[in-house]
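Trainee: First the structure, then my questions, so here it is.
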Amino acid sequence: MAGLKSLLKKGLGLGDMGFNAGGGAINWFPGHMAAATRAIRHRLKLSDLVIEVRDARIPLSSANSDLQPHLSGKRRVVALNKKDLANPNIMHKWVDYFARCKQDCIPINAHSKSSVKKLLELAELKLKEVISREPTLLVMVVGVPNVGKSALINSIHQIAQSRFPVQEKMKRAAVGPLPGVTQDIAGFKIAQKPSIYVLDTPGVLVPSISDIETGLRLALAGSVKDSVVGEERIAQYLLAVLDTRGTPLHWKHLNNRRIDGIEYDAEEKPDYSLKNLKPKTRNLPNKSHLIYVEDLVMEVQRALYSTLTEFDGNVEDENDLEGLIDLQFGALQKAMKIPHKASEARLMVSKKFLTLFRAGKLGPFILDDVPVS
């Protein structure tokens, strides 16, 4: 990974991102986050349990370091959400890591009721000693933007309504693919006896990040708006990660993959947007759309596999790696059939590439490395 580290230091257009609140090139810490952080710290004092939601693809990078001192003394469960997008071959190592740190941790999929039920069982176990003496309990859900807090809240609502159908109808939490959808702290009752309330909170980031790669991982996972960092920068970083890990080389067996017996009319392609792969999209894809996405993914994987196998440089050398990434942008443009004369071709490539990654179409990943302890 030396090439990647050197490239980040060199810049690759990345070093001037200004991940700070004090007048950097980019204002990435909105005012509502500062207010929300203060409110969360105040409410934490009253909470009986904290569910800290993190992105399973970045178990450490998605932790709000400013809140950690306030969380360390609380009953806490770390919920690694989006486990369906994370590499299952590595996930158990992260669970073991948190266990060594004496921290309760559970990988979840916030859209799966069975997964959320397991989280609630763990939460109830943590609250067992308090339930016997407190008539009202408060559970606070915290996390950085876009880790799935509101999706988790909605699943808890559905479970609670099935358990306690006579309770008042509860308002659903706002859910969206963009960070910053939830901007107010709202409370929801999920149980009658004892009365248990869950507080959903806005996603808040720290005012500054000293490690540029942590910032890029947050951006790649969608916790920072693309417009703040720039899609091209994020796509460059993703390509650098894939190349230094040799990931495209593992796609060799996929290059011969075809789905037989199903054809689609090429004229149907333009009416399908990759934006439909984003969370909570109501437009369900039909069979032709599914094949279109499958075919696009295969072409993208083939393009990256070919450029890496034909590459005669060293991915550990920052200059060679930068040259490879430029070649790959060209290969991706061709694979995605983006017109060569398009003035924003590189931006269009970046947007589509990032959408495929975030939807898990390029495979499951965990970007953080398990600390050696």
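Trainee: For the pairs LYS252/LYS352; LYS113/LYS252; LYS225/LYS287; LYS252/LYS341, flag any whose C-alpha to C-alpha distance is greater than 29 Å. List each step's numbers first, then the result.
Mentor: Numbers: LYS252/LYS352 22 Å; LYS113/LYS252 36 Å; LYS225/LYS287 31 Å; LYS252/LYS341 31 Å.
Beyond 29 Å: LYS113/LYS252; LYS225/LYS287; LYS252/LYS341.
Trainee: With the Cα gyration tensor of segment 293-362 in hand, give its eigenvalues times 5 under a square root as the equivalent ellipsoid semi-axes, listed largest first in whole angstrom.
Mentor: Details: eigenvalues 84, 44, 25 Å².
Semi-axes (√(5λ), whole Å): 20, 15, 11.
Trainee: Sticking with this structure for a sec: What ranking of LYS225, LYS128 emerges when the number of other C-beta atoms within 10 Å of each C-beta is taken as an exposure proxy, fewest first?
Mentor: On the way: LYS225 15, LYS128 9.
The fewest-first ordering by Cβ neighbours comes to LYS128, LYS225.
Trainee: Starting from 0.36 nm per residue, how many nanometres of slack lie between THR136 and GLU316 once their C-alpha separation is accounted for? Could you put the intermediate results ahead of the total?
Mentor: On the way: separation 180, 0.36 × 180 = 64.80 nm, distance 5.63 nm.
Full extension from THR136 to GLU316 adds 59.2 nm.
Rule-based calculations on the coordinates, nothing more; no lab input. As the structure is a prediction and not an experimental result, all values here were calculated from the model. Methodologically, a virtual Cβ is constructed for each residue, glycine included, from the backbone with ideal geometry; neighbour enumeration extends over all protein chains shown.
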